[in-house]
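The values are calculated or read from the model by the stated rules, or taken from the named source; none is laboratory data. Everything numeric in this text was worked out from a predicted model, so none of it was measured. Cβ coordinates were reconstructed from backbone atoms using ideal geometry, including for glycine residues, and neighbour counts include every protein chain displayed.
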Amino acid sequence: MVAGICPYQNIISWDSIAAIFKGYINDPKKTRNRHSAKTLTTPCKLKAQGSPCPDCGTAVFMVDGSLQNHMSMGMLKLMNAHNDFYGSWDLGIHHHDDGEDEHEFDYEADVAWRRVVNSDLATLLGWRFTNREDEEDRAFGGIEYRLPYLVHSSVQIDSEGDVRVGIEKSLQLTDRISWFAGVQYDSGSLWEWTTRAEYLLSKRFSLITQYHSEHGFGAGLGFRF
């Protein structure tokens, strides 16, 4: 495959190719013009599916997240074949049990660049914002690696000297039902884990129920655009 040319963009008619070679045979002195074949330009299939194409340089923007009664998580991402520029959020909503209509919010939000090395390995570099207890804003860097059985792992180190290690796995149980689980250890904030079940309503929306070790149990709506 020629670098820089999308295989889904240009389709050459076989009839045109045959006609060109027939002309060469009938007239050997005929000047060969590689542009003589009729080229049909069609939209890139990967771009139409919302996926980055490694050959035509297509960039794709996507949003994937959830809004639940106890938390909200998600990611905004601009990506092409080798680079992801993203912002992610993890917002906890803590309800008071004293009858007062007040809530407390804690958050962790990342703005980062992810460089895809190959289908299994990627590097990370970014900045983390947080209001969690005993934590402060910091820079971070790390790697992501896909283990056997499609288990995704990550190792990060931040500018405060803390190390974060995580693994996660998702399973498509039926056409509409999926399950996700993830666990991470941070040398500053220690253990954190979550598990989630999701029921697909449409291409854009789904019902979610989730337990998170920091935010508790709840349910809500998932969305993706």
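Can you tell me which residue within segment 116-132, out of those that are among the polar types (S, T, N, Q) and closer than 23 Å to Asp162 by Cβ, is surrounded by the most Cβ atoms within 10 Å (Cβ to Cβ)? Can you show your working first?
So in segment 116-132, the residues among the polar types (S, T, N, Q) come out as 118-119, 123, 130-131.
Retained after the next criterion (residues that are closer than 23 Å to Asp162 by Cβ): 123, 130-131.
Details: Thr123: 13, Thr130: 16, Asn131: 12.
Among those that are among the polar types (S, T, N, Q) and closer than 23 Å to Asp162 by Cβ, it is Thr130.
Annotation: of all residues in segment 187-217 being part of a strand (DSSP E or B) and of a type in the set (S, T, N, Q), the one that is farthest from Gly161 (Cα to Cα) is Ser206. Looking across segment 98-117 at every residue that is acidic (Asp, Glu) and more than 17 Å from His70 (Cβ to Cβ), the one that is modelled with the highest pLDDT is identified as Asp110. For Ser88, the requirement of being more than 14 Å from the chain's Cα centre (by Cα), surrounded by 14 or more Cβ atoms within 10 Å (Cβ to Cβ), modelled with pLDDT of 95 or more and of a type in the set (S, T, N, Q) is not met.
Given the residues His94, His82, His103, which is the only one that is assigned by TED's automatic domain parsing to the domain that holds Tyr149, surrounded by fewer than 17 Cβ atoms within 10 Å (Cβ to Cβ), in contact (Cβ under 8 Å) with a residue 60 or more places away in the chain and not aromatic (Phe, Trp, Tyr)? One residue alone meets the criteria, His94.
Could you look through segment 109-150, keep only residues that are free of Cβ contacts under 8 Å to residues at least 40 places away in the same chain, among the acidic types (Asp, Glu) and not in a strand (DSSP E or B), and pick out the one that is farthest from Asp90 (Cα to Cα)? This residue is Asp120.
Here is a yes/no grid of residues against (1) aliphatic (A, V, I, L, M); (2) closer than 24 Å to Phe129 by Cα; (3) touching a Cys at 6+ places or on another chain (Cβ under 9 Å):
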| site | (1), (2), (3) |
| --- | --- |
| Val151 | yes, no, no |
| Ser154 | no, yes, no |
| Ser159 | no, yes, no |
| Glu168 | no, yes, no |
| Leu171 | yes, no, no |
| Trp179 | no, no, no |
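What are the residue pairs meeting all of these: first residue in segment 168-180, first residue assigned by TED's automatic domain parsing to the domain that holds Tyr199, second residue of a type in the set (Ser, Thr, Tyr) and outside any strand (DSSP E or B), Cβ atoms under 9 Å, and 6 or more apart or on different chains? These pairs meet every condition: Lys169/Tyr149. Could you please give the count of residues in segment 69-84 that are part of a strand (DSSP E or B) and within 15 Å of Ser119 (Cα to Cα)? Count: 3.
Checking Gly161, Gly141, Gly74 one by one, the residue that is assigned by TED's automatic domain parsing to the domain that holds Gln210, surrounded by 16 or more Cβ atoms within 10 Å (Cβ to Cβ) and not hydrophobic (A, V, I, L, M, F, W, C) is Gly74 and no other. The one condition from (1) at pLDDT below 95; (2) among the hydroxyl-bearing types (Ser, Thr, Tyr); (3) surrounded by 15 or more Cβ atoms within 10 Å (Cβ to Cβ) that Thr194 does not meet is (1).
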